[in-house]
Amino acid sequence: MLGSTSLEPAVADSKEIARRVAREIATLVEERRRVGRAAVLGLATGSTPLDVYAELVSLHRRGALSFSNVVSFNLDEFLGLARSHQRTFRRFMQDALFDHVDIPPENVHLPDVELHDSQIDAHCADYERAIRRVGGIDLQLLGLGLNGHIGFNEPGSAGDSRTRAVVLHAATRERAIRWFGDLREVPRRAITMGIGTILEARRVRLIVTGEHKRDVLTRLLEGGVTPDLPASFLHAHGDARLFADTAAVAQS
Ligand code: GLP
């Protein structure tokens, strides 16, 4: 049963979900512009948000949306790749969104992919400070990992966790083979915003699409709040909305 949760899904075709979420983002950016403020967006990688980014690019090309007042913070980034590597999340975001819109490059934030161990803690603390300095995240876009992770907060992550280095689970690395071609090429670690960081975003929009997400979506909708399913912490958020396509919603 879907039950009564703030995460009761709005079910729609995946293209329609992308249009709705992109429209909400565009409205937020425009509202902030009118009052001379920046819109702070939390962005995600993975296949799920690609349609949203395509919609945003299309709005921009039609002259209906400028990113000149957007500040972005991505959820996560691999650790241990060269900055020039083609599979960094920064490269992914450039290709999917940033290279096609007018976001000022200095407004874009992702954790650094190439850090010495001795630099990691300070880098993560800086990331949190940078988010606070701009007044926090207005809207955080999220996808859902097959094991219930959000960002790279793997099962077992604490509800009050902050931006930090994490060791990726085997299943997460397996799934990343599609980007890297070979498991040996997939990094073992990443930096991710914490669950606590994500929960501080004023709005959270979680998108779950595809039949392969059915089981994890069912667990999310049936279960309580548990570190075994990191996305379940979103049940406690006051303005988290879930958009799922018909393929992801199990027939009852
Ligand atoms: C990666 C990302 C997550 C993303 C997840 C799901 O692990 N770190 O932020 O939500 O993959 O990916 P996909 O949208 O491709 O299913």
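Coordinate-derived values only; no laboratory data. All values reported here derive from a predicted model rather than from experimental measurement. Glycine also receives a Cβ, built like all others from the backbone with ideal geometry; neighbour counts cover every protein chain displayed.
Shown for region 114-206 is the translational diffusion coefficient from the Stokes-Einstein equation, using the Kirkwood radius over Cα pairs, a temperature of 4 °C and a viscosity of 1.567 mPa s: 91 µm²/s.
For Arg214 and Asp160, compute 0.36 nm times the residue count separating them, minus their Cα-Cα distance, and round to one decimal in nm. Between Arg214 and Asp160, full extension yields an extra 16.7 nm.
Each eigenvalue of the Cα gyration tensor of the chain, multiplied by 5 and square-rooted, gives one semi-axis; in descending order these are 24, 24, 18 Å.
For region 18-137, the spread of Cα coordinates along the three principal axes comes to 44, 29, 20 Å, biggest extent given first.
With the simple model of a label 7 Å out from the Cα in the direction of the Cβ, Glu106 to Arg23 spans 3.6 nm.
Working ranking of peptides 151-163, 59-71 by packing, defined as the average number of other Cβ atoms within 10 Å per residue, highest first, is 151-163, 59-71. If you model region 28-98 as an ellipsoid using its alpha carbon gyration tensor, with each semi-axis the square root of five times an eigenvalue, the axes come out at 25, 14, 10 Å, biggest first. Taking a Cβ cut-off of under 13 Å around Glu128, the surrounding Lys, Arg, Asp and Glu residues balance to a net charge of +1, with basic ones at +1 and acidic ones at -1. The modelled label-to-label distance between Arg178 and Arg37, using points 7 Å beyond Cα along the C-beta direction, is 3.7 nm.
With the simple spin-label model, which puts each label point 7 Å out from Cα in the Cβ direction, the Thr246 to Glu8 separation comes to 2.1 nm. Estimated at 0.36 nm per residue, the fully extended path between Arg189 and His169 surpasses their Cα-Cα distance by 6.3 nm.
Would you mind getting me the FRET efficiency between Asp95 and Glu222? Use the beta-carbon distance for r and R0 = 35 Å, nearest 0.05. In this case the efficiency is close to 0.45. Per-peptide packing, taken as the mean over residues of other Cβ atoms within 10 Å, places 11-21, 88-98 in the sequence 88-98, 11-21 from highest down. Counted by Cβ distance under 15 Å from Arg37, the other residues give a net charge of +2, where Lys and Arg count +1 and Asp and Glu count -1. Seen from Asp182, the other residues with C-beta closer than 15 Å to its C-beta sum to a net charge of +4, counting Lys and Arg as +1 and Asp and Glu as -1.
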